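Reading through the structure tokens given below for one structure.
The values are calculated or read from the model by the stated rules, or taken from the named source; none is laboratory data. Remember, it's a predicted structure, so these values are computed and weren't measured experimentally. Counting neighbours? That spans all protein chains shown, and the Cβs are built from the backbone with ideal geometry, glycine included. What goes into the accessible areas is simple: the full protein's heavy atoms, side chains included, and nothing from ligands, DNA or RNA. Shrake-Rupley method; radii C 1.70, N 1.55, O 1.52, S 1.80 Å.
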Amino acid sequence: MTGDVGLLAEAARAVHGGRDLASKLSWVAEAARSLTGASFAAYVAAPTEGGGVQLVVGCPRYVVEEFASAAAALLFAGMAAGHSGVRVDDIRDETRFRGLRPYAGFEEVVSYLAVPVLASDSSPYGALLLGHPERDRFDERAQNAVTALTAHLGAALENLRTVNRLAELEATQREVVHQLQEAVRPVIPDVEAAELGVYYLPAEPSAPTGGDLYDWVVLPDGALHLVVVDVVGKGVAATKDAMSVTHALRLLALDGCPMNRLVSRADVLVSAQSPDLAATAIIARYHPDDGTVELVGAGHPPALVVSAEGKTRFVTAPGIPIGWPGAGSDEVVSFTLERSEVFVLYTDGLVEATKDILDGLDALAVAASDASAYPAGPLARALVERALSGAMRNDDSLALVLRRRTPAPGRRPRTAPFEYQFSPNSVTVPLARSLFSDWLDNIGVATSDAEDLLLTVSELCTNAVRFSSGAPGALSVQAWGEGDAIVVEVSDDGGGFEWQPATDVPDPDADEGRGLFLVSTLVDELEVTRRDGRTLVKAVKRAVLPAG
């Protein structure tokens, strides 16, 4: 009896631990067989759970599968009549089990015990069936022990079902959130001489929309209108208010409203519909032809400019917030972005997380300097995540990044295209990278651009090695200049693979997708095609070479 109690205690650890369903079923079946001395144990799923024998231990499955299915069906039918289990001492003498005899094979089954595995509402998940070729092998004590085991299993299956339902609900909620965010957040516009990126992190994952919102649109004269708004409040109601502000500013900008009147005019439009609304805002107009930025503010934190060398400076645009008496901004601040300089707009969640705004501004400047070489999208994400690292997240956080992308100065070099054919092994990838680095040095590509292109070639060549057929010399990497861009194309002879642009960072444990995701953040275009039985991955990075 002591051993029985110990085994049942072990069930609490084994059945309710982190094992998968197959492991739980196997442990319970083996434990039941050990407790009762049964020659075999089988688990049969209820019809509502798909039905059928899912596990047999102690003998080959084919030996008892038909009998186990028939006996479980008899149990489920008996449950409908109020019976909780079936214990048969000798199937040969029990006339009411005559229908089971054709399935039994008396050398395999004479005594059997069938116990249901129940959900919390007493509906069956399945049944645990034990058998023995001798009579009188199962008594009331054996039935009680097996019932205790099946109670553990039923609770574990109930928990598993709950976890799966929660996972499905979470996935549905994530999809709803994604669709909502897509609906309120504008797509990245195609702007000449600009690389754009944005990243938003809500204060609470359960309320993934709030009062932090941005907008960008190309105006009829080719200038880019950018806005970051921070509305007082949280949740969907704050998002609605923020959208009313961004829409008002967009309409005014498209209508040709002067920069110094944007805030006051938007205040009149918005306050007429939402008199209690209060919001800070910063509005920028970027002129791609000469890099000029015009900036007006409405009580918002200053913009941040980061040089190509990583030096930072804040640009303040004074003004009174929308919804406050005297809302407006009469002063337009102007400055020029040089080639590769970065312009950052953000909300106060990035600088107030530490409760000390000055410290927050310093931390933001340091993070921007450290990550200044990142592409615009990853840079926006890095600024949010680094600013909030180790801090209490009490507010939504948003970073919008614009990098000026213009052709390199000087005259375009004349040089032959790069081409290297190699075999599919990892040793040749560093050699391809080294040769490509020499080619970039020869044509005078700037260090930051060269680093992006070298990483691109490394990832694409590694990818080609992985997916190739293995034939010697079957891979190639080519590169050439095209206008102010450098085009890289890596080809392999494998069976190909599917690739779609990812909207978020792939899971670190994912088998595929990380390399191409990284490349997609470093270049302006990435395309995977099949041609003549080969896979071609083409990457284009613009504004690298002189224009002429």
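Data for the structure
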{"quantity": "Filter result (outside any loop (DSSP other than H, G, I, E, B), open to solvent by 20 Å² or more (accessible area, probe 1.4 Å) and free of Cβ contacts under 8 Å to residues at least 24 places away in the same chain) within the stretch 379-412", "calculated": "Arg386"}
{"quantity": "Subset of the stretch 250-298 that is among the polar types (S, T, N, Q) and surrounded by 15 or more Cβ atoms within 10 Å (Cβ to Cβ) - its residue that is nearest to the chain's Cα centre (by Cα)", "calculated": "Thr280"}
{"quantity": "Subset of the stretch 221-246 [over 23 Å from Val344 (Cβ atoms), touching an Asp or Glu at 6+ places or on another chain (Cβ under 8 Å) and touching a residue at least 24 places away in the same chain (Cβ under 8 Å)]", "calculated": "Lys234"}
{"quantity": "The stretch 119-137, residues that are under 18 Å from Ala31 (Cα atoms), open to solvent by 10 Å² or more (accessible area, probe 1.4 Å) and not in a loop (DSSP other than H, G, I, E, B)", "calculated": "His132"}
{"quantity": "Candidates Arg381, Arg433 - the one that is within 20 Å of Leu196 (Cα to Cα) and charged (D, E, K, R)", "calculated": "Arg381"}
{"quantity": "Sole residue being over 23 Å from Thr48 (Cα atoms), surrounded by fewer than 16 Cβ atoms within 10 Å (Cβ to Cβ) and either touching a Lys or Arg at 6+ places or on another chain (Cβ under 6 Å) or acidic (Asp, Glu) (or both), chosen from Glu108, Glu140", "calculated": "Glu140"}
{"quantity": "Tally, over the stretch 26-80, of residues that are open to solvent by less than 20 Å² (accessible area, probe 1.4 Å), over 19 Å from Asn144 (Cβ atoms) and part of a helix (DSSP H, G or I)", "calculated": "5"}
{"quantity": "Matching entry among Glu168, Glu158 (being open to solvent by less than 70 Å² (accessible area, probe 1.4 Å), acidic (Asp, Glu) and either more than 26 Å from Gly210 (Cα to Cα) or modelled with pLDDT of 80 or more (or both))", "calculated": "Glu158"}
{"quantity": "Hey, Ala432 free of Cβ contacts under 8 Å to residues at least 12 places away in the same chain and over 31 Å from the mean Cα position of the chain (by Cα) or not", "calculated": "no"}
{"quantity": "Selected residue (criterion: farthest from Thr36 (Cα to Cα)) from residues of the stretch 82-101 that are part of a loop (DSSP other than H, G, I, E, B) and open to solvent by less than 80 Å² (accessible area, probe 1.4 Å)", "calculated": "Gly82"}
{"quantity": "Qualifying positions in the stretch 302-354 - in a loop (DSSP other than H, G, I, E, B) and under 15 Å from Gly291 (Cβ atoms)", "calculated": "Ser307, Ala308, Leu337, Glu338, Arg339, Ser340, Glu341"}
{"quantity": "Residue match in the stretch 465-478 (condition: of a type in the set (A, V, I, L, M, F, W, C), in contact (Cβ under 8 Å) with a residue 12 or more places away in the chain, more than 30 Å from Asp212 (Cβ to Cβ) and loosely packed, with under 15 Cβ neighbours inside 10 Å)", "calculated": "yes"}
{"quantity": "Residue within the stretch 285-296 that is free of Cβ contacts under 8 Å to residues at least 60 places away in the same chain, part of a loop (DSSP other than H, G, I, E, B) and aliphatic (A, V, I, L, M) present", "calculated": "no"}
{"quantity": "Among the candidates Val187, Val191, Val217, residue that is at pLDDT 95 or above and among the hydrophobic types (A, V, I, L, M, F, W, C)", "calculated": "Val217"}
{"quantity": "Within the stretch 413-432, considering residues that are in a loop (DSSP other than H, G, I, E, B) and among the hydrophobic types (A, V, I, L, M, F, W, C), the one least open to solvent (accessible area, probe 1.4 Å)", "calculated": "Ala416"}
